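The structure appears below as structure tokens.
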Amino acid sequence: MAEARLVVTLRIAGDGCLAALSAAGHAGRLPAGRNVACAAASALVRTAARQLADAGLVVEGEAARTAGRIDFTVGPVPDGRRAWLRGTTEFLVRGLRDVALEYPAEVDVRLFEAER
């Protein structure tokens, strides 16, 4: 039987800024809160979502009532926040890729180009 996986899909605009994120699933077979890979990736995703929301950049977002799903879209980015968002995006992508490298059977990170 294949391991359960957390799949994180990021849409990155041509300027290197995050445009949207979707995370679904649960890494591994351990209960929620007990899997290191899932906890690490979830912490990165939730922190990024909160940072972007606090900055007023999330225009649509939802964390499912049941654990294991979060989706959000980043709205128009003022020129003064573009470099900040690019840095936040780079940090998020690097962190998620590192988790996926450590736990390839449990975490899958998918990057796609997005139009802005």
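Could you say whether any residue in the range 39-55 is surrounded by fewer than 15 Cβ atoms within 10 Å (Cβ to Cβ), at pLDDT below 85 and out of contact with any Asp or Glu (no Cβ under 6 Å at 6 or more places or on another chain)? So far as the range 39-55 goes, no, none of its residues is surrounded by fewer than 15 Cβ atoms within 10 Å (Cβ to Cβ), at pLDDT below 85 and out of contact with any Asp or Glu (no Cβ under 6 Å at 6 or more places or on another chain). If you go through the range 77-115 and keep only what is touching a residue at least 24 places away in the same chain (Cβ under 8 Å) and exposed (fewer than 14 other Cβ atoms within 10 Å of the Cβ), you end up with Glu102, Ala105, Arg110, Leu111, Phe112, Glu113, Glu115.
Determine if the range 66-83 includes at least one residue that is in a helix (DSSP H, G or I) and either in contact with a strand residue (DSSP E or B) (Cβ under 6 Å, 6 or more places away or on another chain) or aliphatic (A, V, I, L, M) (or both). It would help to see each step written out before you state the result.
So in the range 66-83, the residues in a helix (DSSP H, G or I) come out as 79-83.
Pick out the ones that are also either in contact with a strand residue (DSSP E or B) (Cβ under 6 Å, 6 or more places away or on another chain) or aliphatic (A, V, I, L, M) (or both) and you get 83.
Yes, that holds for at least one residue.
The values are calculated or read from the model by the stated rules, or taken from the named source; none is laboratory data. Note that the coordinates shown come from a computational prediction; the quantities given were computed from them, not determined experimentally. Note: ideal-geometry Cβ built from the backbone for every residue, glycine included; neighbour counts use all protein chains shown.
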